[in-house]
Each structure stands twice: as C-alpha cells, then as structure tokens.
Amino acid sequence: MWAAARRFEAWFVIPAVIGLFGWSMLALDAGGLTPPAFCASGTSWLELSSLNHALAFNSPAKLAADWALMVAAMMSPLLFTPLRHACDRSFARRRTRATLLFVSGYAAAWMMAGILLQAIALTALWAMPAPAIGLGLVAAAAMGWQVSPAKQWCLNRCHRRPRLAAFGVAADVDAATFGLTNGAACVGTCWALMLLMLLMGSGHFAAMIAVTLFVFVERLENPAPLAWRLRGAGKALRIVTAQARMRLAPRRSFEEALP
Amino acid sequence: MASTRKNVWELGGDWADPILWYARGVNAMKSRALSEPTAWRFYGAIHGIDQGLWQQLGYLDPQEPMPSSANINNFWNQCQHGSWYFLPWHRGYLIALEAVVRDAVVKAGGPADWTLPYWNYLKPGQNALPPAFASADWPDGTGNNPLFVPQRYGPNSDGNVFVPVDQINLNALGDPDFTGDANGGSPGFGGVNTGFSHGGQVHGGIETQPHDWVHGLVGGGDPQSNLPGLMSDPDTAALDPIFWLHHANIDRLWEVWRENPTTHVNPVDPNWINGPAAVGQHAFMLPMPGGVTFTYTPGQMVDLSTLGYTYDDLSPPAGTPQVASRLRRLGMNATMASAVAGRLAMPGPKTVELLGASTGSLSVTGTDARASVALDSSVQRKVSASLQSAAAGAAPALPDRIFLNLENVRGLNDATAFAVYINVPDGEDPAKFPDHLAGSIALFGVRKATMADATHAGNGLTLVLEITHVIDTLHLAGALNTDQLHVRLVPTRPVPEAAQISIGRISIFRQSN
C-alpha cells in the first residue's frame, strides 16, 4: 500500500485524499462534538422537539453536505480494495478515470441512501416521545442486523469483483456500475450503524472514528455462508494478538513443531 | 538420515514393496471410522469436504457418527489454493500423511523407513497412471485394492487414465519470483500473497500447470451423471490415493524450482514465513499418529534437509524455459544472452499493465469456444519495442513477459478442462499449431468459486497463463502488429450446457521488469 502511495497510484491516492478531506472538515465542525446532520446551529438534537424545528435548522443542502462529508470520511478506507481491482483491470491511462467513475457510483448509492436514512432519523426525532427511545430502538436494530444472515449477504457482495469492459463508453459504464453496486452492498452492510451515527448526540465524532475502524476491520473477514453469527473485529484482534506473540516469542524450529 | 522419495515408475515393478506397503497403509486408514483423525476419509476432509457431494459419491453415510466439532473446526477444509501458502501447506500435509501411513506400515510389520513415492508424469513414458492404481485387485488377484477408485475417469472420461503432457507448459519453473500478484501479471511460481486461503481466486504458476491440469484430467467426470471424478474437485481429491503421489511430484517440483537456478528463493516476507496465523487466521494443523497435533508454518517447510527427506531426482524437466534461450531466440547473440540473463533474471519490482481485452463474456460449451482480444495500440508498441530492443542487445532490462488472463471463470463442474490456443487460423486443427498453444486449464475449484455466499463471493476463478512464448513467435513471424488476437478454447471433452461454464473476460497483460 505504501508503495502505491509513493507511486501516486489512483486506487490509493484518490480515496486517501477524499478521506482526509472528509475528516478534516468534520474535525473543523466538531468543536462542540455535534452530529453533522442535525446541528447546523450547534444546538444539540436533544433540544429539538419537532420535525419543523429540525428542518428549520437543517436545509436539505446542509443535510446533504454533512451526509456527504460523513460518508467521505467513514467509507473511504473501504474503497482501496475494490478500486485496486478497477485499476488493475483497466488500461494504465484510464485508471484515474475509472477510479473517479467508481467513486461517483459509490457516492451516488450512499447519497440516495442518505435521503432515506435522514428521513428515518428526522421521523424518529419527531415521533419519539424521548430521544433516548429512538436511539435505543436504532441501536437494537443495528445489533440485530449485525448478527443477521442478511448482513452477511451484503458483506459478501462487498467482496464482488466483476468483469469490467476495457474500452470506450462500456468501460466507463462498467466502472460507474461497479461503484454503484459496491456502494449499494456497502449501504446494506453499514446502514444501521450510519443511522445510529445520525442519532448520536455528544461523543458523535469519537463514535464516528470507532465505527469507521469497526467497518474497516469487519471487511477484513473473508466472505462466508449466510448465518446468524457474531461478526466484527474478530480478525483484527487475532492479527494484533498474533503479531504481538510473534514479536515476543521466539520462532519455533521445525523439530520443535513436529511431534 | 534423510529418507528419499522415489519415482513410482522406477521402483522395480508395478507392485514393488513401497507401493504394496502404501496400499496396506491406505487400507488400514480406510478401515478407520470417519470420526478418527487418522482415518482415510478424515484426511480427505482435511483437504476439503462437501457433504452433499460425498454422499452422492458414496463416501459419506448421513447416519454415521461425525467427528467432534472441535476436530472438524481444527482440521477440516484447510487446503490452500490460489495462495502463496499452496506449496508449504501441501508439504506439511504430505509429511503428516506419510507419518500416518508409515505408522500403519510399521504396525503391520513393514519397513520403518517407508516413504511416499511420487508420480513424475512429465518424464517420457511415465504419464500413464501407475498400474497398481489402475487395478481393482491386489497383486494376488483378490479384489478391493485400496489404491483403486472407480471415480477416476481420465481425460476422455472412459477410464483410461493418463496425463496429456503435450498440453502442459512448464513456464512456472522458469518464473524468477515465488510470489506473484493478482494484478494480471505473473501469479508467481508459488502463488499470490493471501491470508489463509481455502480456495483463492488466482492460482499460482505451478498450481495452474501442472497441478490443476493433472487433477482435472486424472479425475475427469462421469459421462452419465456428470459428477466429477474424485481428483477433479478439491472437496473430494484427497480421497483418491493417487492424489498423494501427484502432490509429492508438485512438492518435488518446488525443490526443482528452488535449485534451478540458485537465484530462485522462497519468500522472506514474515507473513509468509509465519503463515496465516500471523495475520489472524487459521493455523496449519494436522493430526498425527498417537493423537498428537502437528502445527506448522510455511517457514518451517522450506528446507528439505531439516525436514528429513529428499527426492531421487531434482533435475529440471525437459522444456523448462530458460531466459537465455528466449533472448537468443529473439536475436541476441549467445554470449550476451547468457550475461544478460544471469544479470537480470532476478526478482524485482514489476510494472504490469493491460494490453488488451475481449468484450463481453464467453460461454464455453461443446468442443470449441472462441473470442477476440482487442489490443491497445499504445501498449502494443511498448511490447514490440521491448522485444526489438532485446534482439538488438540494447535492452537494459529483460523483454516484456506477456500473460493471458481468463477472468471470472464460473461454472458448476470442476472436471472441465481445455487447451488455450492463440491465432490458430479458422478451419484449421489447433493440434497442428503447437507453437500457438498458450497452455491448458483445468477448472479445479470452480464450483466453489462460483458460490455467491462462500469464500470466493461468487467471483469465480481467474486463471493466468504465461503466453510470452506465443507472443515471441508472433513477433518473430511479423504477426504481432495486429489490432486483435484470436483466442480459441478446445475442451478435452465436450462441455455440457449444464456445466454453465463462462468466462467473464479474456485479457492480456504485459509485465516489464
């Protein structure tokens, strides 16, 4: 990966720049640790009591811009491996173009999902007698989704690497379509956690970092059959443990390994 | 003292002692219940198991007791394919099986130094299945020879089992790099960098040829039921006793590659040396005699002298490509070719880029499938310039190597195999154009790779053939200056539509050093 950075390869540089931009803007806006979508004025969402009030503080443009920043920051680390596929399978002169088209398709999926998720969040805000109830319901839904076969179905599709046309308009369409379908699978995988982010109050910025790490390490797991199971950071923890053990313990020789 | 694995065709008879003792050892393992970790079928399941397929083939009774869940989780479904762990995992697997068989041999009064033979189908006159494996009877004429399996159909699905070696290229043995990349260029001699990979998408050079080819052609498929022969599918392959002699040969070829020339080296990356456990995945674990578990890493598998065995023949097979001979063929004088080859045939950073690709996917059915690969003129000029500068002796680097990729190959039948030709004239018999043979492909593992909700996510296999020799031929014939190449797939057996074999894209990549 660092070699790719040194060579300014598109599949690495473009998502890295997008991610850095997203995090920088969110950090600048996070002086009060406010959720980006509902706190344009810095007012905590806990103080909002009606949909009208919420919309008064959050124009559709502001909601869209904040959502785009959130997606850019949190999802850009997930783009390296599918973009590597798009670049590897494209002519060298088309790699930047393929990367931008993929990112456009991917962003389109998330922006469309954003409309729905923002609407759900605003509705929850308006309909729930107490904010904690809305937050609790979404947290429960996120946990249920996390262990479900449906989540695995989406995760598996995040690992799809389709055939891509190499020439002309067909190559452009395929790159954008790959981005769109990968983005749709990503929405299916992460929607519940992102909805939770929209409803979080104080600690939102820290929670975003935690969720970003979580969805990144979750994607390290191989595709798997559909089943109810705990899934998440298991592989990352095993990597950390194994690497620590390797550095602390001397390597066994073959004679020691073979009974 | 190191034991020596010997050529099965040169043991002194069809049922020479090492074969007879192997049969007795296999028989002892076959007599054990599936739930015993040293049972034959348990060892087969370590490579891979599909319970439905095992039941269809008569190797699993749904009512019989299964091993403990701990043993299943620790040991089953471990085989490493499409991975740089392919060779070291199988080396450990051979060592463990050899220990289990030897234990049974000794208990039956056999020699304590029994070793597993290997089947060198690449040697002239030795590509037929060793006779002891082809007979349903023991040498005394009684039935139930444990080395015989009925589900071994051969290349023509008629029970005549042999390896069509004329369709194998040995380019992998000339690859200077053990580790390759999944970017369209060389997948390396030993495979691409992966984590624990029970079936990766891109097979390494030696894995594609001859490994996959031998699996697919020896196993074949049942022409009536369309079920695969045991050897054709990773989930049944290790149930066939010939599997172990085939893999002993692949293991031997690893050592052949490492020694010829001595610039070939195994990976030094800690993630390879320490194995998948170092990247948070399943450690390599095998059951040994006495209830002991053998846990090992690739780094422990690199030195045969430490492992306590060797092979009786480590000479490179005829036809192994040499860099110097390629340079001479391209027009460089012999002295300079030797010097350049020696100086440059070392692993190093590579630039890989797409040279051309087909449009649309290709369905493979019947006896013939064709596609055209459109070439990009600007990349094509780079290839031509590289080849021309080699001829002039002015190249500071080796001329480009060229790789054909069959991307996203999907299907339901692992017993599918085909030869790949480039630019055979229409109406001509491809067999008359051996210089145009890119190589041969057997779709070992394609069924599992097609499953959407399994470890491949339904991406299928991407099979890579080095076609440098074909491109050199076209260049020397002045036929490379074209806007497309024509690829022709010639299945060894007609491919039924029910197999649903498709290729997402056929692409060609250049790799410069």
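Remark: segment A:78-92, residue by residue, has Karplus-estimated 3J(HN,Hα) of 7, 8, 4, 6, x, 5, 4, 4, 4, 6, 4, 9, 10, 4, 3 Hz, where x stands for each Gly or Pro and the curve is 6.51 cos²θ - 1.76 cosθ + 1.60 at θ = phi - 60°. Scanning residues 5 or more positions from B:Asp222 or on other chains, those with amide H under 5 Å from its amide H are B:Leu227, B:Gly229, with H placed 1.01 Å from N in the peptide plane.
Please work out the FRET efficiency for the pair B:Asn160 and B:Ala498, using the Cβ-Cβ distance as r and a Förster radius of 25 Å; give the result to the nearest 0.05.
It comes to 0.55.
In terms of overall dimensions, the C-alpha atoms belonging to the protein assembly as shown reach 93, 66, 53 Å along their principal axes, ordered largest to smallest. Of all lysines in the structure, those lying under 24 Å Cα to Cα from A:Lys151, and not within fewer than 8 positions of it along the same chain, are A:Lys235, B:Lys448.
Here the gap between A:Phe21 and A:Ala140, fully extended at 0.36 nm per residue and compared with their Cα-Cα distance, gives a gain of 39.7 nm. Whole-Hz Karplus values for segment B:246-261 come out as 5, 6, 5, 5, 4, 4, 5, 5, 4, 5, 4, 4, 5, 8, 10, x Hz, taken residue by residue from phi with 6.51 cos²θ - 1.76 cosθ + 1.60 and θ = phi - 60°; glycine and proline positions read x. Summary of the geometry: segment B:276-355 and segment A:64-83, compared by the centres of their Cα atoms, lie 40 Å apart.
Cα extents for segment B:188-263 along the principal axes, largest to smallest and rounded to whole angstrom: 49, 25, 17. The Kirkwood radius of segment B:1-124, taken over pairs of alpha-carbon atoms, gives through the Stokes-Einstein law at 37 °C and 0.692 mPa s a diffusion coefficient of 204 µm² s⁻¹. Over all distinct Cα-Cα pairs of segment A:94-148, the Kirkwood formula returns a hydrodynamic radius of 13.5 Å. Around the amide H of B:Tyr309, modelled in the peptide plane, lie the amide H atoms of B:Ser3, all under 5 Å away and 5 or more residues distant in sequence or on another chain. A simple spin-label model places the labels of B:Asp303 and B:Asn481 5.6 nm from each other, with each point 7 Å out along Cα-to-Cβ. Applying 1/(1 + (r/R0)^6) with R0 = 51 Å to the Cβ-Cβ distance of B:Ala374 and B:Ala16 gives a FRET efficiency near 0.40. Among B:Pro155, B:Thr482, A:Ala113, which residue has its Cα furthest toward the positive end of the charge dipole of the protein assembly as shown, with +1 on Lys/Arg Cβ and -1 on Asp/Glu Cβ? Result: A:Ala113.
Amide H contacts of B:Leu398 (H built 1.01 Å from N, in plane; Pro and chain starts excluded): B:Asn513 sit under 5 Å, all sequence-distant by 5 or more or on other chains.
Along the Cα-to-C-beta direction of B:Arg329, a point sits 7 Å from the Cα; which residues of segment B:423-449 have their amide N less than 20 Å from that point? Label zone hits: B:423-425, B:430-441.
Global size of chain B: 22.5, 71 Å for Rg and Dmax (C-alpha atoms, Rg to one decimal, Dmax whole). The 3J(HN,Hα) values that the Karplus relation (6.51, -1.76, 1.60; θ = phi - 60°) gives for segment A:230-244 are, in residue order, 6, 9, x, 9, x, 5, 4, 5, 5, 4, 4, 4, 5, 5, 5 Hz. Gly and Pro appear as x. Model label sites at B:Ser225 and B:Met336, defined 7 Å from Cα along the beta-carbon direction, differ in position by 6.2 nm. Mean residue ellipticity at 222 nm from the helices of the protein assembly as shown, using -39,500 (n - 2.57) per DSSP H segment of n ≥ 4 over the full residue count, to the nearest 500 deg cm²/dmol? It comes out at -13000 deg cm²/dmol, rounded to the nearest 500. In this structure, B:Ser3 and B:Ser384 have a Cβ-Cβ separation that, at R0 = 41 Å, corresponds to a calculated FRET efficiency of about 0.20.
Every number here is computed from the coordinates shown, using simple stated rules; none is lab data. Predicted model only: the values in this text are computed from it and were never measured. We place every Cβ from the backbone using ideal geometry, glycine too, and count neighbours over all the protein chains shown.
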